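See below for the structure under consideration.
Nothing in this text is a laboratory measurement; each read-out follows from the coordinates by a stated rule. Bear in mind the structure is a predicted one, so any value in this text is a computation, not a measurement.
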Amino acid sequence: MRVYWITWDKAIVIATDLTNNPGRKIANVTKEIISFTSHIYDLVPSKIMLIEHYLISDSSDADTDLDTYLQVLLTNNGVVKYAISNSQVSELIGLPI
């Protein structure tokens, strides 16, 4: 999990799925990740943008442009996820991934 501060009270959290642990997917604990991050960093959950990151390969030589990123939005009815590109993530955090 990587936390990038946008302002003193807003953050982008990128949670990378551990592909070598197939029984425990980050998609299954989205609300818990936001709750944990909000508690640890004293942030209101609505001030956290969660991005789920799924590796295409476990190799350190892998091209991160091929990885999958999903922007997670909490709604009254649950969780909505949208695909987001590597370049869009880099633009949001102001750093290369």
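In this structure the amide hydrogen of LEU50, modeled in the peptide plane, comes within under 5 Å of the amide hydrogens of VAL13, VAL72, none closer than 5 places in sequence on its chain. For ASP67, the residues whose modelled amide H falls within less than 5 Å of its own, excluding neighbours fewer than 5 places apart on the same chain, are ILE56.
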